[in-house]
Structures are given as C-alpha cells and as structure tokens.
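Only the coordinates and a few stated rules stand behind these numbers; no lab work does. Bear in mind the structure is a predicted one, so any value in this text is a computation, not a measurement. With ideal geometry, Cβ positions are generated from the backbone for all residues, glycine too; neighbour counts draw on all protein chains shown.
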Amino acid sequence: MSSIFTKIINREIPANIEFEDEKCIVIHDINPKASIHLLIIPKKEIPSIMELEDGDSDLIGYLFLIARNMASKMDLDGYRLIFNVGEKGGQEIFHLHLHLLGFK
Ligand code: AMP
C-alpha cells in the first residue's frame, strides 16, 4: 500500500504543494509547528532513516539543498531541519521526510 505522501505525489489526495521536481515534493505541513512548516519528501518511498541504503546518500544530500532553496525563497531568517526517526523518535508517517521549521 502506498504512503499518504505517495498519494499526495500521485494527486490522489490534496496538499498545499510548494515545490516539486523529479526527485522530491515539498508540501506545507497540515498541522504546522512554526509559521512556516514544510515537509521535504523524496519521491522514493524510503520508510525512515533506519532503512537508508548506501546508494541513498546523494538523495539525502539533495533534500538539504532543497531545504536551503526553500528557506531562501521564503526569506527565512533561521530554521530547523528535523528527521523524526522511528515511532520512539516521534515519526508518524513512514515515508521519509525532512521537516523545515522556519522563523522570520
Ligand atoms: P512525522 O511525525 O515526522 O512522521 O511527521 C509527519 C507530519 O506530517 C506531521 O507533522 C503531520 O502534521 C504531517 N501530515 C500528516 N498528514 C498530512 C497531510 N495530508 N498533508 C500535510 N501534512 C501532513
């Protein structure tokens, strides 16, 4: 079964999409924890950081470059980048995503 984020990527359910390219999609979190709260989601359905493979290192680096671009586009003065990992790490959706919490 595909994840909720794959359903958003496939336009099966709606989301506020900020950016998309061939490797990732960026959406606004439905329950924001900061004035700007984005989720940077690779299209590849990796469940969490725990399941990362050696070949995923470029993709993970890419997510951080997208985060930098989004922060610049939104003129943020500062931000936090967070991966919640595993249920005990607060992860609720098991399709890897980078939280960007932005502050002005
Ligand atoms: P995590 O706890 O790291 O798995 O984060 C999951 C995040 O996804 C939470 O901050 C939720 O508010 C957010 N979320 C859940 N469903 C949606 C949705 N349909 N659209 C946007 N964000 C969502």
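Some observations on this one:
- Residues listed by number, the range 45-64, amide nitrogen under 17 Å from Asn10 label point at 7 Å toward C-beta: 45-47
- Net charge dipole, the range 4-102: roughly 260 debye, given to the nearest 20, about the Cα centre with Cβ charges of +1 for Lys and Arg and -1 for Asp and Glu.
- The long axis of helix 57-73 is offset from the longest Cα principal axis of the chain by roughly 20 degrees.
- Contact order, relative form, for the range 4-102: 31 percent (alpha carbon pairs under 8 Å, 6 or more residues apart, mean separation divided by residue count).
- Hits among lysines - C-alpha to C-alpha of Lys104 under 27 Å, sequence gap 8 or more where chains match: Lys33, Lys73
- Mean residue ellipticity (222 nm) of the chain, computed from DSSP H runs ≥ 4 via -39,500 (n - 2.57), nearest 500: -7000 deg cm²/dmol
- Of the residues Leu65, Gly86, Gly102, the one whose Cα sits farthest toward the positive end of the charge dipole of the chain, with +1 on the Cβ of Lys and Arg and -1 on the Cβ of Asp and Glu, is Gly102.
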